[in-house]
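**Student:** Below you'll find the structure I mean.
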Amino acid sequence: MIARKLARLGRRIASVAVDHVTFEGSVLPTPDRRRCGCEFKDNRFYIESSEREARRLVEHCACDRSTRVLDMGCGQGRLGSYQATLKLPETFYIWVTLS
């Protein structure tokens, strides 16, 4: 009885899909979940593109540490991936997506 329950639990745990990877301290969606284009499957490109977008946002909108950003429909949160690596306050960038 216990062996059967453990086997069932093991099958359930094994079936849980991995939905993220860690790359240089950042949590990223797995490459198969990145719908931005084939070049975004590369972790380094993904991080560098999020850095470019974050810098563009900061420069274009004159954002500073007191600025709050709400990103509606952010997809996988690429912009937020870079915000997290900068160790900015958690309230700097809030992302919301609907699945």
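The values are calculated or read from the model by the stated rules, or taken from the named source; none is laboratory data. Computed from a prediction, not measured in an experiment: that's the story for all the values here. Heads up, the Cβs are rebuilt from the backbone with ideal geometry, glycines too, and the neighbour counts pull from every protein chain shown.
**Student:** Of all residues in segment 51-75 being over 15 Å from the mean Cα position of the chain (by Cα), of a type outside the set (Val, Ile, Thr) and in a helix (DSSP H, G or I), which is nearest to Leu28 (Cα to Cα)?
**Tutor:** Checked segment 51-75; the qualifying residue nearest to Leu28 (Cα to Cα) is Arg52.
**Student:** Taking segment 35-47 only, how many residues are surrounded by 12 or more Cβ atoms within 10 Å (Cβ to Cβ), at pLDDT 85 or above and either among the charged types (D, E, K, R) or outside any helix (DSSP H, G or I) (or both)?
**Tutor:** Residues flagged as surrounded by 12 or more Cβ atoms within 10 Å (Cβ to Cβ), at pLDDT 85 or above and either among the charged types (D, E, K, R) or outside any helix (DSSP H, G or I) (or both) within segment 35-47 amount to 2.
**Student:** Is it fair to say Thr67 is among the β-branched types (Val, Ile, Thr), at pLDDT below 80 and surrounded by 11 or more Cβ atoms within 10 Å (Cβ to Cβ)?
**Tutor:** Yes: the conditions hold for Thr67.
**Student:** While we're here: Pairs only if they're at least six apart or on different chains, beta carbon under 6 angstrom, first in segment 50-70 and of a type in the set (Gly, Ala, Ser), second buried (at least 17 other Cβ atoms within 10 Å of the Cβ) and in a helix (DSSP H, G or I); list them, first residue then second.
**Tutor:** From segment 50-70, the pairs are Ser50/Arg78; Ser50/Leu79; Ser50/Ser81; Ser50/Tyr82; Ala54/Leu79; Ala54/Tyr82.
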